[in-house]
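Contents: one structure, followed by commentary.
The values are calculated or read from the model by the stated rules, or taken from the named source; none is laboratory data. In this text, all values refer to a predicted model and were calculated from it rather than measured experimentally. Every residue, glycine among them, receives a Cβ derived from its backbone with ideal geometry; neighbour counts consider all protein chains shown.
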Amino acid sequence: MKVRFWGVRGSIPVPGPQTNRYGGNTSCVEVRPKGGAPIVIDAGSGIRKLGQHLMNHECGEGNGSVHLLISHTHWDHIQGLPFFSPLYTEGNDLHVYARQREDKHLQSIFAQQNEGPYFPVPLDSMKASVDFRELTEGQQFDIAEAKVTCTRLNHPWIAMAYRIDVDGASVVYSSDTAPFTDILLEQEFIAQPPEIGAPLKPEDAAKLKAMRKGLVDLCKGADLLIYDTQFTPEEYRQKPHWGHSTPDDAMSIARDAGVKTVALFHHAPARTDDQQDAILERYQEGTKNEEFDVISSYEGMELTLGDHD
Amino acid sequence: MRVKFWGVRGSIPAPGPETNRYGGNTSCVSIRTSDDELFIIDMGTGVMHLGISLMGGEFGSGSGKATVFLSHAHWDHIQGFPFFPPIFVPGNHFDVYGNARSSDRLESILEGQMNPHFSPIYTLKNLGSGIVFRGVHPGQEFDVAGVQVNALDNPHGNTSALAYRFSENGRTFIYASDVGYPDSGPSAQTIAFYKDADVLLHDCTYTPEDQKTRRARGFSSYADAAAVAAAAGVKHLVMFHYDQDYSDDKVDALLAACRKELDRHGGESIKLTAAAEGAELDVS
């Protein structure tokens, strides 16, 4: 399979010379199994250029099929979808997968983004056919030859991590999540950060422990782990309730799960290219004796894992 | 009035080396009045950078006050709102004007943006600062901090967007983004609204060729902008809201082509610039 990064930024797109090298588009990763249709994870602003790329192939002829796994529906993970060119060509199929919600069907959540007064082209008037499949935590399913598994993460309103196994290789996408130590993030709005290291309610601690185990199990032996590393440790201490991790948290999961490579992902909007270089260098230096490699994702990065075209 | 551009791009932010010079952030323009009052026109992603620049002053300490004017609520004109740091500081105050039949409707549009499915903010109530929503009635002039403000409902695809006219000490700045005129051209009312303005900032999303295949989207070409600027006898035309796929070099080409169009319409004396992120204009 080939894994290509189209958007690596968190929260909001950040154009400008300071993001030229790592890229300013929000989250979007393409996993392309050998000879198969693309499996896309998240539809941040990076999906716009992926769409243009796909239009040079099957999608341009109206016989493209795209599977889209959504970690969660916060804007930075869906804001590119109205600008995904294959949706505007008849004959293409888009299959959207995301966690089932208690109050609303997935389709109506996505429809809202495309409706007035926010956007001029309603989802149901798109020329491509779009269908939605709601997932439960831990569910396993197949997309052609690929096996997909998922588990929940520690993020406000809850996000899902996905593992894709195909072509004798495996990739895990784990964004967005807070570490599993200081706060349980679910449906409730949390206005104030807890004190770092303050004792958790026993039921919250148990839930976080189970969540972390679920993620470690999901990552077991993965070739590539793409992980939310929005914060430096210093930034995290100010904002533990925002639902994002540090590279240290990614390393901890990688170590316990025996993954081969960790890719830093979901860079903070304020992070300049030079700062990201420094973060990468710091963690590469600090993990020399580990079993895994550390890389930083950047827009346009393509990795080849297992069998490939 | 001192005008500054924070985001000049249309539809969706366009990061990348190819947009470094004009900028890839979506629509946001600020005005400082002669009394140093702050107006913010549209809240595309550019407003985040305006907000960051304000945090060193009174907006950082919770004594800031600004007036926001929204042209309409398409994403590229509101998507920076939850990333505007001063909005979280208790004590700051914002009046938000927008095109709505009622202030309640305007509030519910922005409340929808904060919905927990889409945003970790959950609701406007969590923003911290004081926000008062005010529906704008096009054609009814009002006064904000000594500036005369009027609005015009311009056609924009299957909806409409407000153009704003700001006049202070006899000088006029017009913000007219996101407008697609009918085949018959701009209405007499639109030309009258732009008439004799010192600066007309106008939607220049497309080349005429690209516009032909995208008519329904309701945007102007540089030729539309040049024609209406000449017809209204404005002194300075500022191009704005470039298509997300246009590189800096392409915008340079748009600028040159727009100059020719202005001249062709007898507008040789009209000054022309292409708005770029970070650039400022003195309208006084």
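Restricting to region B:161-181, give me the number of residues that are crowded, with 20+ Cβ neighbours inside 10 Å, polar (S, T, N, Q) and assigned to a strand (DSSP E or B).
1
Looking only at region A:16-30, filter to residues that are more than 12 Å from the chain's Cα centre (by Cα) and not in a loop (DSSP other than H, G, I, E, B); which one of those is nearest to A:Q113 (Cα to Cα)?
Going through region A:16-30, the residues more than 12 Å from the chain's Cα centre (by Cα) turn out to be A:16-25.
Checking which are not in a loop (DSSP other than H, G, I, E, B) leaves us with A:17-19.
On the way: A:P17: 29, A:Q18: 29, A:T19: 27 Å.
Across region A:16-30, the extreme among qualifying residues is A:T19.
So how many residues does region A:103-124 have that are part of a loop (DSSP other than H, G, I, E, B), under 23 Å from the mean Cα position of the chain (by Cα) and touching a residue at least 24 places away in the same chain (Cβ under 8 Å)?
So the answer is 1.
With respect to B:S119, is the statement that it is over 18 Å from the mean Cα position of the chain (by Cα), buried (at least 20 other Cβ atoms within 10 Å of the Cβ) and more than 21 Å from B:Y97 (Cβ to Cβ) true?
Working: over 18 Å from the mean Cα position of the chain (by Cα): yes; buried (at least 20 other Cβ atoms within 10 Å of the Cβ): yes; more than 21 Å from B:Y97 (Cβ to Cβ): yes.
The answer is yes for B:S119.
Looking only at residues that are of a type in the set (S, T, N, Q) and in contact with a Leu (Cβ under 8 Å, 6 or more places away or on another chain) in region B:27-77, which one is nearest to B:A279 (Cα to Cα)? Explain how you work it out, then say what you get.
Let us first name the residues in region B:27-77 that are of a type in the set (S, T, N, Q), namely B:27, B:30, B:33-34, B:45, B:53, B:61, B:63, B:67, B:71.
Next, only the ones that are in contact with a Leu (Cβ under 8 Å, 6 or more places away or on another chain) stay: B:30, B:67, B:71.
On the way: B:S30: 11, B:T67: 21, B:S71: 21 Å.
Of everything passing the filter in region B:27-77, B:S30 is nearest to B:A279 (Cα to Cα).
Checking A:M301 against (1) aliphatic (A, V, I, L, M); (2) under 27 Å from B:S119 (Cα atoms); (3) surrounded by fewer than 18 Cβ atoms within 10 Å (Cβ to Cβ), which single condition isn't satisfied?
(2)
Could you check A:G44 against (1) outside any loop (DSSP other than H, G, I, E, B); (2) surrounded by 24 or more Cβ atoms within 10 Å (Cβ to Cβ) and say which number it fails?
Against the list (1) outside any loop (DSSP other than H, G, I, E, B); (2) surrounded by 24 or more Cβ atoms within 10 Å (Cβ to Cβ), A:G44 comes up short only on (1).
In this structure, does A:E145 turn out to be touching a residue at least 60 places away in the same chain (Cβ under 8 Å) and either closer than 30 Å to A:G91 by Cβ or touching a helix residue (DSSP H, G or I) at 6+ places or on another chain (Cβ under 9 Å) (or both)?
yes
Taking region A:58-98, which residues are part of a strand (DSSP E or B) and within 11 Å of chain B (Cβ to nearest Cβ)?
Within region A:58-98, A:A98 is the sole residue that qualifies.
State which residue pairs qualify: first residue within 14 Å of chain B (Cβ to nearest Cβ) and inside region A:191-217, second residue modelled with pLDDT of 95 or more and exposed (fewer than 13 other Cβ atoms within 10 Å of the Cβ) in any location, beta carbons under 8 Å apart, and separation of 6 or more residues or different chains.
If the second residue must be modelled with pLDDT of 95 or more and exposed (fewer than 13 other Cβ atoms within 10 Å of the Cβ), the pairs left are A:P193/A:Q238.
Being within 12 Å of another protein chain (Cβ to nearest Cβ), farther than 24 Å from A:I164 by Cα and of a type in the set (V, I, T): is that true of A:V14 here?
Spelling it out, A:V14 is indeed within 12 Å of another protein chain (Cβ to nearest Cβ), farther than 24 Å from A:I164 by Cα and of a type in the set (V, I, T).
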